[in-house]
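Read through the structure below, which is laid out as structure tokens, and then see the notes.
The values are calculated or read from the model by the stated rules, or taken from the named source; none is laboratory data. Quick caveat, the model's predicted, so the values are computed rather than measured. Heads up, the Cβs are rebuilt from the backbone with ideal geometry, glycines too, and the neighbour counts pull from every protein chain shown. Accessible surface is based on the protein model in full, side chains and every heavy atom, while ligands, DNA and RNA are left aside. Shrake-Rupley method; radii C 1.70, N 1.55, O 1.52, S 1.80 Å.
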Amino acid sequence: MSTEILLRLVLAIVIVGFGIFAYWCVNQRLLLKAQNNALSLFSKLPDKPAIVYFTTPDCVPCKTIQRPALNKLSNLMGDKLEVVEIDATQRPDLAKQWGVMSVPTTFLLDARGNARFVNNGVARMEKLMEQLQTL
Amino acid sequence: MTSQNLQKVDHSILKTNQLFIIGLSVLAFIFDQKYLVAFVALVMGIGSILKTPGFGIIYKSILKPSGWMKPDVLDDNPEPHRFSQIVGFVFLTAGSTALFLGSSVLGWILTWIVIALASLNAFGGFCVGCMVYYWLARLNVPGFGKQPPAGIFPGMKPKASANV
């Protein structure tokens, strides 16, 4: 009886582990996509960390939270940070290329154009700052 | 993505429901308890009839008052989430029926499908049942009239309240 429970427990762990691995793979794929598309977004890499911010005109949290957070961050970091805002309704091709499924979505790229973080949904200034510090 | 009448939906109650569905179903699998699967299906069924998340009562009576879980109120449509629970109820009912009839492989596969979809919703913020609802709405199926919140991919959790 206990052997059977143990076997079932191991099987459950394997299935859950597989699920976590699959989720991690999806996120990695999203970052890889962003990395491949970063070069096409900039004619020349800005040589500084960049935030690629996807939004739409009718996205309320973008206006009330995300943009103010990015503005604050830009003011704070000055020319040490590049912020690229993309209207997903104007550029659905880019939203598709980058795998954006909801707005706001922010991608953080390091100075070499490598996509390091993706935030699906609102990312507050503190979180963005924390992520930027690790770049 | 048209103008719409969104309601305040507390996603914490939905998450509590999902976590209980996941936890109890996994325990049912580990301890080979088909009665537990049937119990989860029953709770989801009652929740569907009452138009509330089945295990939501635990959130309302224990988790929220004690402060263990905080409300996460977002502008959203409650209907897709109700539909999602009905889909889960159907799967778990089919699963528990299969288990009682001796078809344990089919029964546990159906149970694990519910676990996987509830996990995707609870941890990934993506509600497959809601996505199906919005597809049906797009196909003008009667009874499926709501559109996803503006700027949100059908099935994805809205990320912040409009009133924040």
With no solvent and one point on each alpha carbon, what is the Debye value of log10 I(q)/I(0) for region A:72-135 at q = 0.18 Å⁻¹?
-0.71
Just to compare against my own numbers: the Cα pair-distance distribution for region B:1-96, 10 Å bins, whole % per bin, please.
17, 44, 30, 9, 1
In whole Hz and in residue order, list the ³J(HN,Hα) couplings for region A:6-12 that follow from phi through the Karplus curve 6.51 cos²θ - 1.76 cosθ + 1.60, θ = phi - 60°; x for Gly and Pro.
4, 4, 5, 4, 4, 4, 4
Could you work out which residue, out of A:Thr105, A:Thr55, A:Thr64, moves most in a Gaussian network model of chain A, that is, has the largest mean-square fluctuation with Cα springs under 10 Å?
A:Thr64
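Please say if region A:46-94 is rounded, prolate or oblate, where rounded means a/c under 1.5 for a ≥ b ≥ c the square roots of the C-alpha gyration tensor eigenvalues, and otherwise the choice is prolate for a/b larger than b/c and oblate otherwise?
Values: a/c = 4.07, a/b = 1.37, b/c = 2.96.
In terms of gyration-tensor shape, oblate.
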Taking H as built 1.01 Å from N, whose amide H comes closer than 5 Å to the amide H of A:Ile86, not counting residues under 5 places away?
A:Tyr53, A:Phe54, A:Thr55
Using only atoms on other chains, find how many Cβ atoms lie within 10 Å of each Cβ of peptide A:97-106 and report the average.
3
So what is the 222 nm mean residue ellipticity for the protein assembly as shown from helices alone, if each DSSP H run of at least 4 adds -39500 (n - 2.57) and you divide by all residues, rounding to the nearest 500 deg cm²/dmol?
-18000 deg cm²/dmol
Nearest 10 degrees, 0 to 90: helix B:78-100 Cα axis against chain B principal axis:
10
Loop-located trypsin sites (Lys or Arg not before Pro) in region A:33-135 whose Cβ has at most 16 other Cβ within 10 Å (DSSP):
A:Lys44, A:Arg112, A:Arg124
Expressed in Å to one decimal, the Kirkwood Rh of region B:54-164 from all distinct alpha-carbon pairs is 15.7
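Give me D for the protein assembly as shown in µm² s⁻¹, whole number, from Stokes-Einstein with Rh from the Kirkwood sum over alpha-carbon pairs, 20 °C and 1.002 mPa s.
On the way: Rh = 21.1 Å.
This corresponds to a translational diffusion coefficient of 102 µm²/s.
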With the cut-off at 18 Å, tell me which of the pairs A:Lys48/A:Lys80; A:Lys96/B:Lys146; A:Lys33/B:Lys157; A:Lys127/B:Lys8; B:Lys60/B:Lys157 have Cα atoms farther apart than that.
A:Lys96/B:Lys146; A:Lys33/B:Lys157; A:Lys127/B:Lys8; B:Lys60/B:Lys157
Please work out how much accessible surface B:Phe126 shows to a 1.4 Å probe, ignoring ligands, DNA and RNA, in Å² rounded to 10.
30
For chain A, what percent of Cα pairs sit more than 24 Å apart?
37
Per residue of A:12-18, other chain Cβ atoms within 10 Å number on average 3
